[in-house]
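Taking it in order: structure first as structure tokens, then the write-up.
All of the numbers you see were taken from the coordinates with simple rules; none came from a lab. None of the values given here were measured: they were computed from a predicted structure. Cβ: placed from backbone, ideal geometry, glycine included. Neighbour counts: every protein chain shown.
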Amino acid sequence: FHNWADPEGDTGMADDISNFGVGGYCIPDLKNLTVPRHVFPTAPRAMLVHVGINDMFQGGVPLATYLADIKAFFAWLHEVQPDAKICFLSIVRPTDIAPTVSGIVGPEADARRDAIDAANAAMREFCAERAWAAYLDAEVAYCDEKGRSRVELFHGDGIHLLPEAYP
């Protein structure tokens, strides 16, 4: 989680958390760079994975490809670290005023929300079918009752959370 300044303090798990988040990364970056170099050497008991928005909207990866990639990534993580719980933190929707994505309102914005909802639903099901996986719903914390991301919790880009939003 690139902008999470104090995960140890915010969770009360001092000396028990390693944060290897890198802004802008997609699944191939995690698989080829971050995870083998930094995560696996720590032999984690649990891994919290938050990836998808960059793959689908900056990388232009179609939903079906993203789902195949994230499921394969989870299977690979489990294969290498079979005793670790692997948690998927749902993709947080960009705010409706995100300047870095087109389609603030109308069909493009609806399609963007629909793709995120479909990805989250697929990963919820994927995780429910595996004892070693878990799904964590970020919408509870970051969306209003209409399912819109709460603008006050995000940087001006409408995608990344502010440091004070993480706790």
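What are the residues whose amide H is under 5 Å from the amide H of I86, where those residues sit 5 or more places off or on another chain and H is modelled from the backbone?
Here the answer is M47, A133, A134, since their amide H atoms fall under 5 Å of that of I86.
List, in order, the whole-Hz ³J(HN,Hα) value for each residue of segment 77-83 obtained from phi through the Karplus relation with A = 6.51, B = -1.76, C = 1.60 and θ = phi - 60°; use x for Gly and Pro.
With coefficients 6.51, -1.76 and 1.60, one gets 4, 5, 4, 7, 10, x, 8 Hz.
If you count, for each residue, the other Cβ atoms within 10 Å and average over each peptide, how do 114-120, 140-146 line up from highest to lowest?
114-120, 140-146
If R₀ is 25 angstrom, what is the calculated FRET efficiency for the pair T42 and Y166, using the beta carbon separation as r and rounding to 0.05?
With R0 = 25 Å, the Cβ-Cβ based efficiency is 0.75.
Say each of R130 and E79 gets a label point 7 Å from the Cα, pointing the same way as Cα to Cβ; how far apart are those two points in nm?
With each label placed 7 Å out from Cα toward Cβ, I get 1.1 nm.
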